[in-house]
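Note sheet for the following structure.
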Amino acid sequence: MVRTLIVPLVSTGNVPQLALDLLVHSLSSEFDFVKSLDSTFVHPFVGPLDYVLDQHVPVLFSKTAPQKIYSTALELFYNESKDIYVLQQRTPVIQGYLNNLIKETILPLIDEFKIEDVVILDSFGPLDDDVLEATTVPARRGTNLISDGTCEVGSVTDVIRSFEQSLNLNQGSELHLPSSLFKFTPDSLQQEISSKQQIFHFAYHLLNGKSPYLKEIKYCSAFVHEGDNSEDAHLLCDHLPVVIESLDKLLKHTPPVSWKGVYGLRPVPIAFDEGIYV
């Protein structure tokens, strides 16, 4: 069984975060809270613990952290039966500090838990021109709205050289990376990544860390529209078993209580104990 770490990028509609909410809360009996990570390099966040409505206590935290009373920006969860770690990131990286986050937070995590595969979740929409430039067909015509790409880390020197060549492109040059860097499935909407995308910079810094354990970086990106993105999150969550062998498709999706306020289904909260989402 391959030890896997899932990382969400803060992107259109926050679909990666919502999909991971579904995953850990639907399997709350299998996932355990491991620890809060240093959030120096992301925007500040604090909020109440999330939970499922029919649970008397937040099951995700009750077994390993019964005294925990609030959530933070970066939290790590683990499913032992499937050997999957989930890093939930609730706020964006502070501009200019992505390298610091990866070098001082994520790479030590990979080395500490001997992570072999990192699965990066992303989402983009019709207004994300940097991503649409790297699609092979117009997004509105695509039948498969989720793209899967894989980067083998075995020949890390060649991969980094490809990154560095792309970083040195002139302003008027093509900003696409060779499809050989991330090998996408034939039915993926994306067949390349742009050097302007988050995934480009994330993978570049991750590869430069040269972790002895990391063997593969998988990129899973969903095309979405702004608005009620709960259905997009369900679709992305259902797609995860395609890229993670140890994960089975969920028989039942169980959204956490925070979802009740995400899309205006109740009055705007005016106090901390009423929730954190509008």
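Where a number appears in this text, it was derived from the coordinates with a stated rule and is not lab data. What you are looking at is a predicted structure, and each value in this text was computed from that prediction instead of being measured. Here the Cβ is made from the backbone with ideal geometry for all residues, glycine too, and neighbour counts use every protein chain on show.
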>> To make sure I understand the rule: partners must be aspartates and glutamates, Cα under 15 Å from the Cα of Lys103, and not fewer than 8 residues away in the same chain. Which ones qualify?
In response: Asp38, Asp111, Glu112
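Local charge sum around Val243 (other residues, Cβ-Cβ under 12 Å, Lys/Arg +1, Asp/Glu -1)?
Values: positive: Lys218; negative: Asp117, Asp148, Glu216, Asp238, Glu245.
It works out to a net charge of -4.
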>> Exceeding 29 Å between C-alpha atoms, which entries from my cross-link table qualify? They are Lys210/Lys252; Lys196/Lys249; Lys35/Lys260; Lys68/Lys196; Lys114/Lys183.
In response: Lys210/Lys252; Lys196/Lys249; Lys68/Lys196
>> Can you tell me, using C-alpha contacts under 8 Å and at least 6 residues apart, the relative contact order of the range 1-85 as a whole percent?
In response: 41 percent
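Rounded to the nearest 0.05, what FRET efficiency do Asn208 and Glu80 give with R0 = 35 Å and r taken as the Cβ-Cβ distance? Could you check?
Numbers: r = 31 Å, r/R0 = 0.87.
E(calc), rounded to 0.05, equals 0.70.
How much length is gained if the chain between Asp130 and Val242 is pulled fully straight, taking 0.36 nm per residue apart and subtracting their Cα-Cα distance, in nm to one decimal?
Working: separation 112, 0.36 × 112 = 40.32 nm, distance 2.59 nm.
Gain in length upon complete extension: 37.7 nm.
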